[in-house]
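Engineer: Below you will find the structure I want to go over with you.
Laboratory data are not the source of any read-out in this text; all were calculated from the coordinates shown. Quick caveat, the model's predicted, so the values are computed rather than measured. For neighbour counting, all protein chains shown are included, and Cβ atoms are generated from backbone atoms with ideal geometry for every residue, glycine included.
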Amino acid sequence: MPKVGPFKAASFQIPTQQTEDMYFKSVNDTVENYTRLLSHVGHDKLDLPNRDCDTGRETRGGEYALTDKTYAHLVDQLSSKSSDPLSPGLRADVVKFYADLNAPIATKKDAKAWQQLREQLQILKDRIATPPAQPAVQSQ
């Protein structure tokens with residue numbers, strides 16, 4: 001059978017020993033990390049760093065186009081809900097993500113979307129985080 005056209009997928013090459021070792025190490029590292037994180041959940045100590053799962057680097061504007069798109073969508077959602085309180089942590093994370101507006105953020109490719117995003121960011125920066133209202137206690 002020829003290894004061209006629709007049969008090209010049949011030309012699979014067996015990974016080298018080095019590639020196989022790297023794969024198993026990666027899987028083992030992932031399982032160890034996941035197990036460690038699960039143990040933290042049971043002790044209320046879970047702290048997940050905001051990292052790009054594809055690159056392992058800290059998430060920031062312009063680092064990964066899909067992340068830029070996701071943050072732009074988040075900002076759109078958050079800025080349109082003016083009556084809902086915004087947690088200080090979430091607000092700080094979004095502001096930190098867009099700290100360097102000179103970064104090659106994917107949203108800049110569309111001038112209208114970039115202008116809208118900048119306006120929405122300003123809304124979030126100006127918005128004061130308010131705690132949720134506590135139910136009134138009735139006296140007897």
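Engineer: Testing the spin-label approximation: label points 7 Å from Cα along Cα→Cβ at Ala92 and Lys25. State their distance in nm.
Structural biologist: 3.6 nm
Engineer: Follow-up. Between Lys108 and Asp47, what is the FRET efficiency for a Förster distance of 30 Å, r being their Cβ-Cβ separation, to the nearest 0.05?
Structural biologist: After rounding to 0.05, the efficiency reads 0.40.
Engineer: A further question follows. Among Gln17, Gln116, Gln77, which one shows the highest mean-square fluctuation when the chain is modelled as a Gaussian network with alpha-carbon springs under 10 Å?
Structural biologist: Looking only at Gln17, Gln116, Gln77, the largest GNM fluctuation is found for Gln17.
Engineer: Also: Sort 63-73, 42-52 by the packing proxy (mean of other Cβ within 10 Å over each peptide's residues), most packed first.
Structural biologist: Going from most to least packed, we get 63-73, 42-52.
Engineer: Could you check how many percent of all C-alpha pairs in the chain are farther apart than 27 Å?
Structural biologist: 51 percent
Engineer: Need one number: nm distance between label points at Phe12 and Leu66, each 7 Å from Cα along Cα→Cβ, rounded to one decimal.
Structural biologist: Taking the simple label geometry, Phe12 and Leu66 are separated by 2.4 nm.
Engineer: What chymotrypsin sites (Phe, Trp or Tyr not before Pro) does the range 6-50 have in DSSP loop regions with at most 11 other beta carbons within 10 Å?
Structural biologist: Taking the range 6-50 and a limit of 11 other Cβ atoms within 10 Å, the loop chymotrypsin sites (Phe, Trp or Tyr not before Pro) found are Phe12.
Engineer: Next question, about the same structure. Once every DSSP H run of n ≥ 4 in the chain is given -39500 (n - 2.57) and the sum is divided by its residues, what mean residue ellipticity at 222 nm do you get, rounded to the nearest 500 deg cm²/dmol?
Structural biologist: -15500 deg cm²/dmol
Engineer: Compare Asp76, Asp29, Asp93 in a GNM of the chain, Cα atoms joined below 10 Å, and give the one with the largest fluctuation.
Structural biologist: Between Asp76, Asp29, Asp93, it is Asp29 that shows the largest mean-square fluctuation.
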